[in-house]
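Visitor: One structure, as structure tokens, below. Some questions next.
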Amino acid sequence: MSEIILMSDPRVAAIPVHECSERLLDVRRGPLLVDMRKQDDSDAFFYLREGVLERLLQAQAHLPAGLGFLVVEGYRPPALQRRYFEKYAARLRAEHPGWTDEQIRSAASRFVSPPEIAPHSAGAAVDLTLVDADGRELDLGTPMNATPEESAGACYTDAAGIGEQARAHREILGRALTAVGLVNYPTEWWHWSFGDRYWALATGAASARYGPSLTACTHDAPD
């Protein structure tokens, strides 16, 4: 897609889901580095669909020597996704009292997906960044999860005005993940997905493989 299509776009919701019932797997039980700072009692953040996790492992092999992924968030329960979306929408509504409901929904979807189509709630999306051999996060231009307002738009993957080193790191991240079939949400350099509705629209697939999953259903590692 050459244009930026937001998650709120009706074309995303129109993609049918043919659920393949693939397992959610615990990312911590493999070689990927996982950020343990973001978690809750359910451990939900640490799960991804099997096909997504397998591709992440393949993508890590495409990285230059000495670099690795730091996985920050995977699965997000639908109720939590709704809370995130409503909280950000309320913030935007307070800042822009003249905006219509549709304008609020569209603007909110730059940073938080509408709950009914959210890739994270399908176990299909991962938020991640790059680290060096000692586990130190590299400069990718903004902190992860910086809003468009906080970053003056620098959170957009192709944003102008970020440093040369940050741009190079984003390109390394993108090449590795694109090579294994993941797609980026272009308003968030850290958000990549496979098998969800947004992925289907971006790749021309007839349907999504993964729909919302209510629970993290297994603690198995990938085969």
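The values are calculated or read from the model by the stated rules, or taken from the named source; none is laboratory data. None of these values were measured; they are calculated from a predicted model. For neighbour counting, all protein chains shown are included, and Cβ atoms are generated from backbone atoms with ideal geometry for every residue, glycine included. All accessible areas refer to the heavy atoms of the entire protein, side chains included, with ligands and DNA or RNA removed. Shrake-Rupley method; radii C 1.70, N 1.55, O 1.52, S 1.80 Å.
Visitor: Taking 25 Å as R0, compute the FRET efficiency from the Cβ-Cβ separation of His18 and Arg83 and round it to 0.05. Don't skip to the end; give the middle numbers.
Guide: Values: r = 28 Å, r/R0 = 1.13.
Here the calculated transfer efficiency is 0.30.
Visitor: Specify, per residue and in Å³, the volume enclosed by the convex hull of the alpha carbon atoms belonging to segment 99-218.
Guide: Dividing the Cα hull volume of segment 99-218 by its residues yields 139 Å³.
Visitor: How much length, in nm to one decimal, is gained on full extension between Thr100 and Ala168, taken as 0.36 nm per residue of separation minus their Cα-Cα distance?
Guide: Values: separation 68, 0.36 × 68 = 24.48 nm, distance 3.84 nm.
Here the segment from Thr100 to Ala168 would lengthen by 20.6 nm.
Visitor: Obtain the nm distance between the two label points defined at Arg91 and Ile5 by a simple spin-label model: each point lies 7 Å from its Cα along the Cα-to-C-beta direction.
Guide: Roughly 2.7 nm, to one decimal.
Visitor: Based on Cα positions only, what radius of gyration and what Dmax would you give for segment 43-104, in angstroms?
Guide: Reported Rg and Dmax, both Å: 17.7, 51.
Visitor: Choose one answer from Leu182, Leu138, Leu25: the residue with the largest mean-square fluctuation in a GNM of the chain with alpha-carbon springs under 10 Å.
Guide: Highest fluctuation among the options: Leu138.
Visitor: Also, I was wondering about something else. Count the net charge of all other residues whose Cβ sits under 9 Å from the Cβ of Gly141, scoring Lys and Arg as +1 and Asp and Glu as -1.
Guide: Residues near Gly141 contribute +1 overall.
Visitor: Test of understanding: in a Gaussian network model of the chain with alpha carbons linked when under 10 Å, which of His18, His191, His62 would top the mean-square fluctuation ranking?
Guide: Of His18, His191, His62, the Gaussian network model singles out His18 as fluctuating most.
Visitor: Further question: Could you report the accessible area of Ser8 in Å², rounded to 10, computed with a 1.4 Å probe on the protein chains as they sit in the structure?
Guide: Ser8 has an accessible surface of roughly 20 Å² with all protein chains in place.
Visitor: May I ask you to rank Ile4, Ile162 by accessible area, largest first, using a 1.4 Å probe over the protein chains only?
Guide: The residues order as Ile4, Ile162, largest area first.
Visitor: Right, another one. For a label point 7 angstrom out from the Cα of Asp134 toward its Cβ, which stretches of segment 54-98 have the backbone nitrogen within less than 20 Å?
Guide: 64-71
Visitor: To continue, here is another question. With a 1.4 Å probe and all protein chains kept in place, how do Ser21, Ser106 rank by accessible area, largest first?
Guide: Ser21, Ser106
Visitor: Run lengths n ≥ 4 of DSSP H only: what is the helix-derived mean residue ellipticity at 222 nm for the chain, with -39500 (n - 2.57) per run over all residues, to the nearest 500?
Guide: The helix-only estimate for the chain comes to -9000 deg cm²/dmol at 222 nm.
Visitor: Give the Debye-formula value of log10 I(q)/I(0) at each listed q (0.08, 0.14, 0.16 Å⁻¹), with one equal scatterer per alpha carbon of the chain, two decimals each.
Guide: -0.26, -0.85, -1.13
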